[in-house]
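All of the numbers you see were taken from the coordinates with simple rules; none came from a lab. All figures in this text were calculated on a predicted structure; none of them were measured in a lab. Neighbour counts are summed over all protein chains in view; Cβ atoms, including those assigned to glycine, are modelled from backbone coordinates with ideal geometry.
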Amino acid sequence: MGNEFKESIYRAVNNANLTGALAKFSEAYKSNRAKAYEGIDFEELRGRIAELKSYAASHLDELSAQFQQQAEACGAKVFRTSDPAKVREYILKVAQDNNVKTIVKSKSMATEEIHLNPYLEKAGIAVGETDLGEWIIQLAGQTPSHMVMPAIHMTKEEVSDLFSKEVNERLTSDIPRLVKVAREKLRPTFLAADMGISGGNIAVAETGSIVLMTNEGNARLVTSLPRIHIALVGIEKLIEKFADVATILKALPRSATAQLLTSYVSIITGPTPNPDGSMKDMHIILMDNRRSEMAADPKFKQALQCIRCASCLNVCPIFRLVGGHVFGKVYTGGIGTILTAWFDELKKSEDIQGLCIQCGACKDVCPGKIDIPDLIMEIRRRLVQQQGVPLLQKTIYAVVNNRKLFHGMLRAASVAGRPFTSGKFIRHLPLFLADLTDGRSLPAIAEEPFRDRFSRIKQPKCKEKAAFYAGCLIDFAYPEMGEALIRILNKAGIEVLFPLDQTCCGAPARYNGAYEVAASNATDNITALLREDVSYVISACPTCTVALEHDFISIFESLGLTERLPQARLLAAKTVDFSTLVKKLVDEGRLSLKEGQKLGKITYHDSCHLKRALKVSEQPRELLTKAGYELAEMFECDTCCGMGGSYSLKLPEISAPILQRKLKNIKETGAPTVAMDCPGCVMQIRGGMDQDGAAIKVRHTVELLAEQVK
Amino acid sequence: MYEQFKTRAEAVSAEVCRFTTKSEALEYLIGFLRREGVADTPQASALWADCSFLEGLDRDTLRQVAGVKFDVTREGASQARFGISQMEWALADTGSLAQNSTAIEQRLVSSLASIHIALVPTSGLLPDMPSLLVRVRPQDCRYLAMITGPSRTADIERVLTIGVHGPDRLIIVFVDELGGTN
């Protein structure tokens, strides 16, 4: 990551206005959104949206042609181009041919994408943004920090300073008054403008209609008052059928701002009369700018299912810390990272793709059903393909890829780390690693890893067998979790095997785009874990479970290693996470928990991969409750803890504040213990609590349940 | 459907009432304009766009009684405090109004004035947007406008503020006599 980029992150996380406003919004958004969707089957709705948008993405040429034909039949002029420069030239020519002096604009990301305003201004035309947020940004000479709420990073005091200069009057920071000032100041601009420029939320091929949504009412004025209207629409906004407008409008306002509908929706089909009785000179520009290329890419085609609601920004734990400016000048957040890689260039996304912690929160809420984290991973993979892995990482993967060397080094670290270890945590790392312990203690490498302890564990001989996949953290940092797991499974009559050839699950390599390394890890693990016939392959690390159950298959698929797929699928079918298996065993009566225990309050942290990739959240809660704990839910229980594997090492300045939020939410429950199902989360949160000094125990569910089995 | 509409529309700060007959609605409307200080001065006048509600009414009397004007121009609309128009449909599930706004007069009175009074035939109530879109042929309805509550913004510090570029009040008057009951 470049220094400039790191500096922009530093500025953002230390900008209290920005982080305050974003945090306030994102906290309210979650419940407001849920309320807006009450009574609606979101999965069904987004299934329909994904389908109709995906159809459109596969038929961009046909739909563009049909749109053009229909809109022209109604009297609009349609210009289709793939080149942003041609768009700018076209608009300037229309303006100059008609002697246009002033233009009013309603909000349009497509015009931001092609940097239209400076181009027109250079030609001597006054361009006025009319969306309040865009106008504020324009006055401040800034760029939007959010796709739907462009000025979310600014305070009312900053706005009042800007407006005061604009109207030559000292204004207070009274928001309703500031809004009135904007209305009064912009009204004459609307009335005087010769041309209105809008974007388009939807373009309907069947009828040649464009759909515009605003809350302020500015798009109505932009499309009604000036004699010329130009709508700039990216071709990904095309849909086939008029009736489908209702489908998209059911989701877009709910997902964007948790509204049932924006105040104004205008569906415009061809020119309409002007106030002076003439007909509107109406132009619609359908802009490609690499969207067709995107549609032809089997992986990225789904990004065209985006309806631009920005809900992926609103739920992103990173976005709410850093805001939009860190992401660049136009499209921001999760989908923005993907769009920047395409509409701008792959290289431009190099830094920003690294912001994604892969927590999956955006994927859950996307009304276009886009697997945003997966597409960001794909960007990472292609960057690595294009530029190779940085030398330091390459060295690490070379080690990780060689199990004996890797495990040897971990053992060595347990000795080498000793001078820096006090109790269970590394307190003082050498200076060059100082950043890594910022706000969090790292665990000491266990003196004796699980793999060495295993042979001494006495187990009853059982008919049913399970293979335990420990993962690096349980093997080398938390072997006691592995021992607890064996104790529990033995009680249920299952003997646990520990195939010693198992190695790293490949997640670190995969999450850094090094798929070949990950594939090699996958192959080694499949061989090791399928060597003996077992009923289950169990893991107490959700990231590892996801690797065994899903990622091995997808890595082989994306590298075209189809011959390895059958074995990968076999492993996937046997793989199960700890809580799901134990819940099943309890339900089947094979495992009993002590009865009548009163163990007091506990709070539960949902790990990203467990909750969103494996869809497991109730099982551990039910087990803990059954064991005798009284569950006290924390605020944002399923928000990422900031660990994200090596993320916390690469971007500690972002990881640390995310962890602080998590610690605060845990402490506010008043529970003396917090449980979770992921050793990575344990490492992050336990380390955080250690530095915080709070007397809260951070435990893996496996440890808590081992104490309560009969 | 009316009750659902009323709940949803009021939730987004619209004001909703309903009358059986046109004359009751007219009486309410005149009373409202007077209470709000309608006058033939800038920023106090009322502008009424052509609509079926006006059929059979004496416009001269209305001009005298309520100070309303019927010649909708861009200048007139930008001077008007009240804009009166008839919206054809109401969508119960979102509390929205909808109109074929192809005629610019309809848009001028509903977008430039600070108080928009919308007359709606009760029979125009529809359950939702899909049922509206099947009734509309875009080719014959060049500018389909949907309005849900007054103009709003939250662009400064996410504080909801009413009345940016459009009206800061939306008064919805259902009239059963304009067609059927719902």
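Taking a 21 Å limit on the Cα-Cα distance, which of the listed pairs A:30/A:363; A:465/A:491; A:574/A:615; A:601/A:626 fall beyond it? Flagged as over cut-off: nothing, all pairs pass.
Using a 10 Å cut-off on Cβ atoms, rank the peptides A:460-471, A:560-571 from the highest mean neighbour count down. All intermediate terms of the calculation are to be shown ahead of the outcome.
On the way: A:460-471: 18.3, A:560-571: 14.2.
The packing order, highest mean first, is A:460-471, A:560-571.
Taken about its Cα centre, the protein assembly as shown carries a charge dipole of roughly 2120 debye when the Cβ of each Lys and Arg holds +1 and the Cβ of each Asp and Glu holds -1. Projecting the Cα atoms of A:555, A:580, A:95 onto the dipole axis of chain A, where Lys and Arg carry +1 and Asp and Glu carry -1 at the beta carbon, places A:580 farthest toward the positive end.
Straight-line reach from residue A:650: taking Cα to Cα under 21 Å and skipping same-chain neighbours fewer than 8 places apart, the lysines in range are A:6, A:347, A:348, A:394, A:662. Note on the protein assembly as shown: the C-alpha convex hull projects to 39.6 nm² when averaged across all orientations. Among beta bridges identified by DSSP and lying wholly in region A:160-294, the antiparallel ones come to about 40 percent.
Would you please calculate the Kirkwood hydrodynamic radius of region B:5-54 over all C-alpha pairs and express it in Å, rounded to one decimal?
Working: mean 1/r = 0.0774 Å⁻¹.
Value: 12.9 Å, from the Cα pair sum.
Between the residues A:482, A:536, A:492, the greatest Cα displacement towards the positive end of the dipole of region A:450-582, with unit charges on the Cβ of Lys, Arg, Asp and Glu, is found for A:492.
Label-point separation (nm) for residue B:159 and residue A:42, each offset 7 Å from Cα along Cα-to-Cβ? Those two pseudo-labels are separated by 3.0 nm.
Computed over chain B, relative contact order equals 29 percent, with contacts defined as Cα pairs under 8 Å that lie 6+ residues apart.
Remark on residue A:575: its backbone amide H falls under 5 Å from those of A:537, a criterion applied only to residues 5 or more positions apart or on other chains, H modelled at 1.01 Å from N. Along the axis of the charge dipole computed for region A:59-291 (Cβ charges of +1 for Lys and Arg, -1 for Asp and Glu, origin at the Cα centre), the listed residues A:81, A:192, A:248 are led at the positive end by A:192.
Each residue, residue A:62 and residue A:630, gets one label point 7 Å from its Cα in the Cβ direction; the gap between the two is 6.3 nm.
Sequentially through region A:519-525, phi angles give Karplus couplings (6.51, -1.76, 1.60; θ = phi - 60°) of 5, 5, 4, 4, 4, 4, 5 Hz, Gly and Pro residues having no value and appearing as x. Couplings for region A:592-605, taken from phi via the Karplus curve 6.51 cos²θ - 1.76 cosθ + 1.60 with θ = phi - 60°, read 10, 9, 4, 9, x, 6, 10, 9, x, 6, 9, 10, 10, 9 Hz in order; Gly and Pro are left as x. Please label the shape of region B:2-175 as rounded, prolate or oblate, based on the square roots a ≥ b ≥ c of the eigenvalues of the alpha-carbon gyration tensor (a/c under 1.5 means rounded; beyond that, a/b larger than b/c means prolate, else oblate). Taking the square roots of the gyration eigenvalues as a ≥ b ≥ c, region B:2-175 is rounded.
With a threshold of 24 Å on the Cα-Cα distance, the over-threshold entries among A:237/A:299; A:53/B:6; A:101/A:122 are A:53/B:6.
For region A:188-240, what does the relative contact order come out to in percent, with C-alpha contacts under 8 Å and a separation of six or more? Don't jump to the answer; show the numbers that get you there.
Working: 81 pairs, mean separation 26.8, N = 53.
Answer for region A:188-240 is 51 percent.
By the Cβ distance rule of under 4.7 Å, chain A has these cysteines without a partner: A:74, A:306, A:309, A:316, A:356, A:366, A:462, A:472, A:504, A:637, A:641. At an R0 of 41 angstrom, the distance between the Cβ atoms of residue A:243 and residue A:297 translates into a FRET efficiency of 0.90.
Summary value for region A:600-706: 32 percent relative contact order, contacts being C-alpha pairs under 8 angstrom separated by 6+ residues.
For chain A, the longest principal axis of the C-alpha atoms and the axis of helix A:578-587 are separated by about 70°.
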